[in-house]
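Only one structure is covered here, and it is reproduced in the block below.
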Amino acid sequence: MSSETLNQFLKENLDDLKGKGLYNVIDTVEGSNGPMITIAGRELINLSSNNYLGLATDRRLIEACLEATKTYGVGAGAVRTINGTLDIHVKLEEKLAEFKHTEAAIAYQSGFNCNMAAISGVMDKHDVILSDELNHASIIDGCRLSKAKIIRYNHSDMEDLRSKAREAKESGLYNKIMIITDGVFSMDGDIAKLPEIVEIAEEFDLITYVDDAHGSGVLGNGAGTVKHFGLSDRVDFQIGTLSKAIGVVGGYVAGKKDLIDWLKVRSRPFLFSTAVTPGAVAACIEAIDILMNSSDLQNKLWENGDYLKKGLKELGFDIGESETPITPCIIGDEVKTQQFSKWLNKEGVYAKSIVFPTVPKGTGRVRNMPTAAHTKEMLDRALAIYEKVGKEMSII
Ligand code: PMP
């Protein structure tokens with residue numbers, strides 16, 4: 001394809017997306033991503049960020065980041081396996097293992113590449129992965145990269161998982177069999193049925209992999225979904241991000257020492273991509289220290305989540321079956337959902353719409369992510385705007 005035909009191809013496809021209203025115009029946030037954000041000069045109540053505990057703008061993390069930057073500089077200077085492993089990276093990994101109650105941990109540059117690294121670092125074409133149908137895109141891509149056979153099971157359907165696990169085991173076709181699930185599903189806020197998943201894994205002798213991007217810092221006294229269910233020594237891979245509740249950037253695997261040692265020699269982003277900046281690492285260490293020493297932020301997050309849920313429910317909105325502070329407001333029709341989100345924005349609430357194909361057809365929703373940093377006054381204002389727009393659009 002010449003560059004002229006490439007340009008033609010791109011233009012036609014972009015025009016097609018724009019014509020169908022599917023081209024996502026990206027908002028630019030002017031300033032920090034806190035409980036209030038400024039977009040196009042307008043200050044809005046922010047209900048769309050993963051900064052669950054408000055740590056992205058916490059003074060203690062900022063100070064730790066500045067201090068480490070003064071000591072180590074702005075960059076790590078190399079990939080981890082050459083000489084980019086600074087003592088501060090090792091400290092973070094030791095801290096993560098302690099936080100997650102595992103023997104060891106390995107840190108990556110993001111949660112996304114952590115899934116690519118960890119799944120393809122262990123699974124190969126002789127293996128099979130049983131994956132919840134609603135797992136995150138980075139899990140799906142990590143599975144594809146591994147070349148293992150992928151079998152999707154119906155969302156949180158333990159009968160379906162059990163029968164697919166039995167079939168895979170009894171076929172005798174595969175070397176390794178792994179079950180992969182999100183810990184908390186971010187579209188609906190529901191929690192994976194980990195006790196049953198672990199039982200099935202133990203019954204058929206399978207590997208377990210839990211991506212707890214949305215559970216860490218939120219459940220299990222901050223340690224996440226696996227700890228919440230008391231399963232710390234029965235799950236093989238505990239994945240987390242350092243970008244959501246921790247408020248910074250990065251991803252990690254926590255597990256047995258041999259697993260982590262293997263990933264250090266076999267997972268490609270660890271071998272071939274430069275290590276995370278020292279400033280970010282120091283901020284992550286500070287955040288984990290805060291979480292291990294106090295539950296105040298988690299308590300505040302849950303209090304705010306419960307408050308918003310109760311308020312929306314009392315107004316007559318359908319808020320689904322969330323078991324965490326993530327609060328969907330289910331509208332149904334795709335176009336109406338997008339209009340609702342835009343109208344909320346006009347009135348002062350930033351809550352993004354999520355529609356097909358990210359969620360099943362007819363289940364369009366505006367997703368709310370309250371955080372520990374929101375005040376009651378902000379949430380009350382958001383609820384008043386929800387009421388006004390909901391009534392004007394005849395949703396409630
Ligand atoms: N896993 C899950 C379940 C996620 O929701 C996300 C972020 N959307 C990621 C992984 C990727 O994490 P990060 O943003 O740190 O790359």
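The values are calculated or read from the model by the stated rules, or taken from the named source; none is laboratory data. Just so it is clear, the model here is predicted, and its values are computed rather than measured. We place every Cβ from the backbone using ideal geometry, glycine too, and count neighbours over all the protein chains shown. Protein only, heavy atoms only, side chains kept; ligands, DNA and RNA dropped before computing areas. Shrake-Rupley method; radii C 1.70, N 1.55, O 1.52, S 1.80 Å.
Assorted remarks:
- Distance from the Cα centroid of segment 215-262 to that of segment 347-396 is 29 Å (rounded to whole angstrom).
- Note on residue 67: accessible area approximately 100 square angstrom, rounded to 10, probe 1.4 Å, nucleic acids and ligands left out.
- A 1.4 Å probe run over segment 10-95, with the rest of the protein chains in place, finds 59 Å² accessible per residue.
- Binning all Cα-Cα separations of segment 240-396 at 5 Å, short to long from zero, yields these whole-percent fractions: 2, 8, 14, 16, 14, 11, 11, 11, 7, 4, 2, 0.
- Cα-based Rg of segment 58-293 normalised by 2.2 N^0.38 Å, two decimals: 0.99
- Charges were assigned to the Cβ only: +1 to each Lys and Arg, -1 to each Asp and Glu. The resulting dipole of the chain about its Cα centre is roughly 700 debye.
- Annotation: lysines with alpha-carbon distance below 28 angstrom to residue 257 (same-chain offsets under eight excluded): 91, 95, 100, 125, 147, 149, 169, 176, 193, 227, 244.
- The Cα atoms of the chain cover 58, 56, 54 Å along the three principal axes, with the biggest extent listed first.
- Alpha carbon Rg of segment 291-331, scaled by the compact-globule rule 2.2 N^0.38 Å: 1.34
- Only protein atoms count toward the accessible area here, which uses a 1.4 Å probe; on the chain, the carbon and sulfur part of that area reaches 52 percent.
- Annotation: per residue accessible area for segment 276-396 equals 43 Å², rounded to a whole number [probe 1.4 Å, protein chains only].
- Segment 148-226, accessible area per residue, ligands and nucleic acids excluded (1.4 Å, Å²): 38 Å²
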